[in-house]
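Since the structure comes first, as structure tokens, the remarks are kept for the end.
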Number of protein chains: 2
Amino acid sequence: MLMKKNEEFVQSVNPKGQKSCDSFHNTIEFIGKRWMGIIIYHLLDGPKRFFELSAEIDGISDRLLTERLRDLEAHGLVVKNQSDPKVRKVEYELTPKGKELEDIIQAIFEWVKKNGCCYEE
Amino acid sequence: MLMKKNEEFVQSVNPKGQKSCDSFHNTIEFIGKRWMGIIIYHLLDGPKRFFELSAEIDGISDRLLTERLRDLEAHGLVVKNQSDPKVRKVEYELTPKGKELEDIIQAIFEWVKKNGCCYEE
DNA sequence: TTTTTAAGATTACTATTAGTAAGCTTGTTT
DNA sequence: AAACAAGCTTACTAATAGTAATCTTAAAAA
């Protein structure tokens with residue numbers, strides 16, 4: 001599998017026989033949180049205001065948009081820009097680290113392009 | 001953003017001004033479900049038995065492993081092989097469609113490699 | 001000037017999803 | 001014959017998500 005392509009990522013095996021891939025695990029679970037991918041996807045366009053994200057992302061609530069943006073901030077993937085605190089203009093922008101998530105989003109796009117949707121309700 | 005790289009994916013905008021990207025949305029939410037990525041990652045090694053996945057994936061419960069495998073089956077990403085129904089040997093294997101998820105997993109690996117872990121508790 | 005509206009949240013509550021633990025069935029090992 | 005293992009399923013609790021209402025402050029409208 002991918003380990004062959006990236007020798008650096010050959011996984012060690014712990015005493016229980018489990019692969020130790022905590023940072024991979026943590027990352028995949030973090031960016032896999034509900035709405036996370038879509039938010040990142042929309043931020044790849046450039047900095048956006050809260051209400052813009054809210055309007056563009058169909059179905060997300062203010063509560064979860066706030067929560068996810070705080071998560072992203074806390075992990076250094078997004079910065080919150082509020083030039084003048086007196087003015088209610090807050091912009092959220094991907095950090096360089098956040099922008100590098102584009103490759104992941106791109107890979108998902110490619111998959112969908114080849115394989116179509118995998119999920120319908 | 002990525003739309004520039006993939007003209008096919010230029011998004012249309014619906015009357016509410018929302019990007020219409022349902023198959024992308026559905027897919028990202030599906031593969032972003034808790035444990036999904038890790039399960040796919042472990043299946044990229046080749047076909048595996050239930051107890052092997054259970055042992056390799058630190059912290060997953062039988063209940064959710066079953067549930068996720070059923071999800072994956074239902075969406076054609078995994079097939080369940082049980083050569084002889086009298087023998088309790090069940091193997092789960094990625095379909096070609098499932099194997100193509102490797103690029104996504106790979107992209108996450110690359111990100112972690114460059115940027116380190118984004119999440120710790 | 002008073003009223004209304006909008007941005008960017010927070011709070012309270014319900015519903016859905018995940019985690020924990022036990023149990024079930026059938027075949028194999030001791 | 002008893003104990004154990006694979007692959008589930010069930011019942012229950014905890015955590016996360018969804019819905020809706022509310023809040024603050026500033027600017028726009030009346």
Original post:
If contacts are Cα pairs under 8 angstrom and at least 6 residues apart, what is the relative contact order of segment B:23-115 in percent?
Top reply: 29 percent
Subject >> Exercise: per-residue mean of other protein chain Cβ atoms within 10 Å, B:92-98 >> reply: 1
Subject >> Heavy-atom surface of segment A:23-110, accessible at 1.4 Å and reported per residue (Å²) >> reply: 45 Å²
Original post:
How much accessible area is lost when chains A and B come together, counting both sides, with a 1.4 Å probe, in Å² rounded to the nearest 100?
Top reply: 6000 Å²
**OP:** Calculate the mean, over all residues of peptide B:31-37, of how many other protein chain Cβ atoms lie within 10 angstrom of the residue's Cβ.
**Re:** 6
Original post:
Cα-Cα over 25 Å: which of A:LYS89/B:LYS114; A:LYS80/B:LYS114; B:LYS33/B:LYS89?
Top reply: A:LYS89/B:LYS114; B:LYS33/B:LYS89
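The values are calculated or read from the model by the stated rules, or taken from the named source; none is laboratory data. What you see is a predicted model, and the numbers here were worked out from it, not measured in a lab. Positions of Cβ are generated from backbone atoms using ideal geometry, with glycine treated the same way; all protein chains shown enter the neighbour counts. Please note that ligands, DNA and RNA were not included when accessible areas were found on the heavy atoms of the full protein model with its side chains. Shrake-Rupley method; radii C 1.70, N 1.55, O 1.52, S 1.80 Å.
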